[in-house]
Amino acid sequence: MRSNPADYSLLAPDKLDAVVSLLAQEPGQWLPIAGGTDVMVQYAAGKLAARKLVSIWNLPELRAIETLPEEIRIGAGCTYTQLREHQIIAREFPLLASAARWTGGIANQNRGTLGGNIVNASPAADSLPALLAYEAELILVSVRAERRVPYLDFHTGYKKMNLAPDELIRAICLRREFSGYLHYSRKVGARNAQAISKVCLAALGRLRDGRSAGEFGGQIGGTIEDVRIAVGSVAPIPLRLTEVEQIVSGKSVGSRELAQQARKSAASAIQPIDDIRSTARYRSAVLGNLVAEFIEKLGIPESPSGKTA
Ligand SMILES: Cc1cc2nc3c(=O)[nH]c(=O)nc-3n(C[C@H](O)[C@H](O)[C@H](O)COP(=O)(O)OP(=O)(O)OC[C@H]3O[C@@H](n4cnc5c(N)ncnc54)[C@H](O)[C@@H]3O)c2cc1C
């Protein structure tokens with residue numbers, strides 16, 4: 001059934017304090033709306049349960065990207081366009097920059113926010129594997145206090161999260177410690193634009209002595225010192241493939257056997273489903289290929305980061 005606008009109220013305070021006070025007065029009654037690219041889809045489908053909406057789109061406290069020596073703090077209301085265009089994100093956190101480029105079309109990138117992607121909590125959300133790989137931390141704010149939560153502990157099950165009804169995500173923090181790493185991401189969808197992921201992967205790796213693959217003078221080889229592999233669309237929440245990480249850590253790159261072991265371990269860690277976009281079997285096979293490809297590329301200079309159709 002179509003939604004009737006007369007059934008809804010919308011407030012748009014211009015200060016973060018006013019929004020969190022409103023949430024605290026009637027916890028669970030007010031639904032924050034940022035870019036609205038998920039909320040308005042529910043509204044148009046007549047499926048928006050909340051009747052009271054509070055806009056957080058114009059809050060300056062949520063719209064800035066702060067660069068500190070140790071970390072960057074991305075306001076939760078930053079759009080994909082802001083992420084795509086930010087030079088430090090492009091240089092130091094390319095997995096997030098790629099995810100921003102791959103999310104919807106330009107109009108969606110101008111409105112959709114990183115905070116909205118996190119709280120909407122789709123298993124196929126494109127930015128979330130990057131946040132897992134970079135071990136992001138979230139700053140949550142309410143009238144009670146601010147608290148900092150590792151993103152790894154935030155999503156606890158399908159659409160379940162560690163966020164109280166009176167809390168907002170204020171910022172997403174990424175530590176600036178990934179120089180010398182290979183950043184590798186892939187999104188597999190039905191086409192190159194406007195496609196929901198069938199499988200997505202965000203991975204990081206560094207060879208021994210902090211040298212990146214390219215610093216081996218074009219030689220294939222080296223020992224894997226640190227590796228983080230995160231995947232989306234293959235379980236109710238995005239996953240870190242910690243067993244695969246353990247299997248490959250300390251091993252020499254370039255061996256087909258190692259890539260095979262990684263592929264097997266990845267398949268056993270995920271819980272893919274059949275749905276309108278894909279089958280569980282396809283998702284499992286493709287994820288294994290992407291993990292194996294990442295392990296192989298770790299030892300090859302000039303590894304690309306790309307998207308397949
Ligand atoms: C055409 C189209 C294409 C899309 N393509 C993709 C895609 O390729 N990949 C992808 O991952 N997603 C895609 N999306 C989904 C959507 O654009 C993203 O999830 C987007 O990041 C949501 O952000 P928003 O600001 O619009 O969220 P909103 O719709 O405003 O809010 C979504 C949810 O988050 C909550 N929320 C928002 N901000 C905060 C905050 N700071 N603190 C607490 N709660 C908050 C809201 O209350 C609501 O529950 C697409 C959507 C459309 C319509």
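The values are calculated or read from the model by the stated rules, or taken from the named source; none is laboratory data. Computed from a predicted model, the values in this text were never measured in an experiment. Using ideal geometry, Cβ is built from the backbone for each residue, glycine included, and neighbour counts are taken over all protein chains shown. What goes into the accessible areas is simple: the full protein's heavy atoms, side chains included, and nothing from ligands, DNA or RNA. Shrake-Rupley method; radii C 1.70, N 1.55, O 1.52, S 1.80 Å.
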List, please: which pairs have Cβ atoms under 8 Å, are six or more places apart or on different chains, and start with a residue in region 163-181 that is over 22 Å from residue 94 (Cα atoms) and end with one that is of a type in the set (Ser, Thr, Tyr) and part of a loop (DSSP other than H, G, I, E, B)?
164/142; 166/142; 167/142; 168/142
Name the residue, out of 33, 56, that is among the hydrophobic types (A, V, I, L, M, F, W, C) and in contact with a Gly (Cβ under 8 Å, 6 or more places away or on another chain).
56
Qualifying position, being closer than 24 Å to residue 122 by Cα, out of contact with any strand residue (DSSP E or B) (no Cβ under 8 Å at 6 or more places or on another chain) and among the hydroxyl-bearing types (Ser, Thr, Tyr), among 21, 3
3
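I'd like the full set of residues that are within 14 Å of the ligand (Cβ to nearest atom) and touching a residue at least 12 places away in the same chain (Cβ under 8 Å), limited to region 142-153. Outline the logic, then answer.
The initial filter retains those residues of region 142-153 that are within 14 Å of the ligand (Cβ to nearest atom), namely 142, 146-147, 149, 151.
Listed by number, the residues that qualify are 142, 146, 149, 151.
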Tell me, which strands (runs of 3 or more DSSP E) wholly within region 1-82 include 1 or more residues that are farther than 25 Å from residue 150 by Cβ?
9-11, 30-33, 52-55
Qualifying position, being open to solvent by less than 70 Å² (accessible area, probe 1.4 Å), at pLDDT 95 or above, more than 16 Å from the chain's Cα centre (by Cα) and within 16 Å of the ligand (Cβ to nearest atom), among 164, 171:
164
One residue from 222, 205 being among the small types (Gly, Ala, Ser), surrounded by 16 or more Cβ atoms within 10 Å (Cβ to Cβ), within 21 Å of residue 297 (Cα to Cα) and modelled with pLDDT of 90 or more
205
Restricting to region 275-300, name every residue that is at pLDDT below 80 and open to solvent by less than 30 Å² (accessible area, probe 1.4 Å).
299
Under 7 Å by Cβ, and 6 or more places apart or on different chains, what pairs join a residue from region 119-141 that is in contact (Cβ under 8 Å) with a residue 12 or more places away in the chain with one that is basic (Lys, Arg) and open to solvent by less than 10 Å² (accessible area, probe 1.4 Å)?
126/187
If I filter region 28-40 for residues that are more than 9 Å from the ligand (Cβ to nearest atom) and open to solvent by 40 Å² or more (accessible area, probe 1.4 Å), do I get at least one hit?
yes
I'd like the full set of residues that are within 13 Å of the ligand (Cβ to nearest atom) and either surrounded by fewer than 16 Cβ atoms within 10 Å (Cβ to Cβ) or among the polar types (S, T, N, Q) (or both), limited to region 65-87.
79, 81, 82
Identify all residues within region 104-129 that are open to solvent by 20 Å² or more (accessible area, probe 1.4 Å) and within 7 Å of the ligand (Cβ to nearest atom); write none if there are none.
104, 108, 111, 116, 117, 119, 120, 122, 126
